[in-house]
Amino acid sequence: MTVGSDHQAHDLPVIVIVGGGVSGTAVAFHLLQRRSLRVGQLFIFEPRERLGAGLAYDTQDPAHRINVPAAKMSLLPEDLEHFQRWLLAKDALADDEAAVAANGSLFPRRSVFGNYINSMIRPSIEDGRLVHIRQNVGRIERMGNRWVVTGAAGQRVDADILVIATSHPSPVPPQSLQDALAGHQRFVADPTGPDALAVIRAEDRVLVVGNGLTSADVIASLELRGHKGPVTAISRRGQRSRGHAAVKQELFGDFASQPSTTALGLLHRVRAAIRQAEGEGRSWHAVIDQVRAQGGHIWRALSVAERRRLVRHLRPFWDVHRFRIAPQVEAVSERALAAGRLEVLAASVATIGVADGVIDCTLRLSRSERSVARQYDAVVVTTGPGHRGILTSQRWIEEMSKAGHLAMDPARLGFFCDMQSRALAVDGTIVPSLFISGPLARGTFGELMGLPEVIEHAVLVADQLTVAITDHCRGQGKAYLDSSAA
Ligand SMILES: Cc1cc2nc3c(=O)[nH]c(=O)nc-3n(C[C@H](O)[C@H](O)[C@H](O)COP(=O)(O)OP(=O)(O)OC[C@H]3O[C@@H](n4cnc5c(N)ncnc54)[C@H](O)[C@@H]3O)c2cc1C
């Protein structure tokens, strides 16, 4: 079935958003907020049942909590407490007393945040202004001025404007683990799948590869499932995601006026600010939060070579300080560490093999010549989405890249795009009517992973779509403002 031609007859553009997680849904929501704009027909391709959940919030695991306080996770950037008020109005925490942290901040289950975003977009689906096509996109081709988007089940939409918001590719386990453990019943290569941890038994010895937020989620989920066996969590530096400040902190430091032009200069400046903050009785959180708030300025001041240097050397430290663990999830890891059930090592897997179902491995300890031999019953990979292979992560992305419509950004973090989030070809020319929304645009915008930045970026993309829609209508000599709208 093909759609799109009807709207062409009316000379209103057809817009397709690929991916209906928070990014894609927020773009649609903010575009549809412009009541006086005749948007045309808007489609989102998203295989999940609910729009607005995506990888992060499409989880029914009660151990999975948002890692940013609810008061900072709003769909409306001008009304930061909107989600928090929604929680209270819907009594959404009635069965979840643990959602309230010691300092009063709310950290509800992640599925509840998915419900919130979905509740905000649902009216637009019900009144037909947005069409949710529950299919994966399988193919996208450029034909004349249009994008022909074909779903895996055959639905075709001819679009005038295309937005890619597919963000997080599936995790890619390290090749050595894949080679040695493929087919092992308790090798969990992707713990984000529904009930992925169900294969792990209560007494199993578990190796968790990765030490970030997903690792903390896994440890909390295992505890909730009654797991009692020993757990080893490894990463090269042995750094664990940090928790939130005990007391709410005001932002501290200034990194935006006269921003650093080198990664090293930035590091010195951040360290100096932390020393000063701590000398005044504040915590490092206040400084890191300011770096995050001013992340766009900081990123823009760095050359491509310095951006790469920053990603290579500082990102592991940035990630564990900037992506904080929810207090309830942190408490589980702390309890397990104190009880000696959890061991966190700076190490990598040197050798691994299976004998009679038991996983034998040697862990090479970082910054040391030593190795330790261990046996496990299960291995869980928590190294996160495989962003590095983004251009080959899906066939249609690979094909668009070969056709010159998508390219890796110079910092190698996502798709190449400009400050209007318009896709750029390898040579830097603008690809007409193609926009990138969400974390895939972070090579250009800098910090663009957490929800607050993702929403701000979605508003920017909705602004740019408004420009593209008006240009499209002007080109056709048609009205783009709805005179009947208030
Ligand atoms: C596990 C996890 C937990 C997180 N928790 C938090 C948190 O608590 N607080 C916070 O601030 N940030 C959190 N984040 C950061 C997260 O990046 C943002 O909050 C936000 O969810 C990003 O949403 P997205 O829509 O850009 O990406 P995604 O959630 O990855 O959504 C992309 C969507 O695209 C769809 N898709 C992919 N391919 C296709 C295709 N071919 N056709 C159609 N659809 C397709 C997918 O099904 C998916 O639903 C978390 C991230 C992860 C991975």
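The values are calculated or read from the model by the stated rules, or taken from the named source; none is laboratory data. Please read all numbers here as calculations on a predicted model, not as lab measurements. Here the Cβ is made from the backbone with ideal geometry for all residues, glycine too, and neighbour counts use every protein chain on show. Protein only, heavy atoms only, side chains kept; ligands, DNA and RNA dropped before computing areas. Shrake-Rupley method; radii C 1.70, N 1.55, O 1.52, S 1.80 Å.
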- prompt: In what sequence, highest mean first, do 253-260, 428-435, 411-418 appear when ranked by Cβ atoms within 10 angstrom?
  reply: 411-418, 428-435, 253-260
task: Using only the Cα atoms, work out Rg/Rh for region 263-316, with Rh taken as the Kirkwood radius, to two decimals.
output: 1.00
message: Can you bin every Cα-Cα distance in region 136-265 into 10 Å intervals starting at zero and give me the percent of pairs per bin, rounded to whole numbers?
response: 9, 24, 21, 21, 22, 3, 0
query: With every protein chain in place, what's the accessible area of residue 396 (1.4 Å probe, Å², nearest 10)?
result: 10 Å²
- line: Whole-Å distance linking the alpha carbon centroid of region 160-223 with that of region 411-429 is 30 Å
field: 222 nm mean residue ellipticity, helices alone, for the chain (DSSP H n ≥ 4; -39,500 (n - 2.57); rounded to 500)
entry: -9500 deg cm²/dmol
All aspartates and glutamates inside 15 Å of residue 90 as judged from Cα atoms, apart from same-chain residues fewer than 8 positions distant: 81
query: region 293-343 to region 73-94: how many Å between their Cα centroids?
result: 26 Å
- request: Kindly write out, for region 423-440 in residue order, the coupling ³J(HN,Hα) from the Karplus curve 6.51 cos²θ - 1.76 cosθ + 1.60 (θ = phi - 60°), rounded to whole Hz, with x marking Gly and Pro.
  value: 4, 10, 6, 3, 7, x, 7, 6, 8, x, 6, 10, 10, 10, 10, x, x, 5
- prompt: In straight Cα distance, which aspartates and glutamates are under 14 Å from residue 402, not counting same-chain residues fewer than 8 positions off?
  reply: 141, 427
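Take the eigenvalues of the Cα gyration tensor for the chain, scale each by 5, and report the square roots as semi-axes in whole Å, largest first. Could you put the intermediate results ahead of the total?
Working: eigenvalues 297, 136, 114 Å².
They are 39, 26, 24 Å, listed largest first.
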- request: Taking the Cα atoms of region 374-469, report the difference between the largest and smallest coordinate on each principal axis, in whole Å and largest first.
  value: 58, 33, 21
message: As a test question: what accessible area, to the nearest 10 Å², does residue 297 have when a 1.4 Å probe is rolled over all protein chains in place?
response: 90 Å²
